[in-house]
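FYI, it's all coordinate maths here, none of it is from the lab. Every value quoted in this text rests on a predicted model; they were computed, and no experiment measured them. Every residue, glycine among them, receives a Cβ derived from its backbone with ideal geometry; neighbour counts consider all protein chains shown.
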Amino acid sequence: MATKEFSRVELAKYNGDNGKPHYMAIGGVVYDITDAPKKGISTKELMELVFDRSADKEKLLAELPVVGKLAD
């Protein structure tokens, strides 16, 4: 797993605006969701991951690149 640590403030900067990648933390792990739609992962599926309501959680997370972890 990547070792970069992101504070919540730093993570908020990676929102997909102005050519930046779009990152999201799930369970303390930071994933790059920029290309999620190209991989067939919908916004609905991403939200199900965030709220821990996904039946395919492990499968979906395995498709997303890990870029770091959320700092405590």
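Listed by first and then second residue, the pairs linking a residue in the stretch 46-65 that is within 12 Å of GLY27 (Cβ to Cβ) and without any contact (Cβ under 8 Å) to a residue 12 or more places away in the chain to a residue that is hydrophobic (A, V, I, L, M, F, W, C) and part of a helix (DSSP H, G or I), with Cβ atoms under 7 Å apart and 6 or more places separating them unless they lie on different chains, are SER54/LEU60; LYS57/LEU49. In summary, PHE6 fulfils each of the numbered conditions (1) over 11 Å from the mean Cα position of the chain (by Cα); (2) on the phi > 0 side of the Ramachandran plot; (3) not basic (Lys, Arg) with the single exception of condition (2).
Residue count for the stretch 32-60 satisfying the condition of being of a type outside the set (Asp, Glu) and in contact with a helix residue (DSSP H, G or I) (Cβ under 7 Å, 6 or more places away or on another chain): 8.
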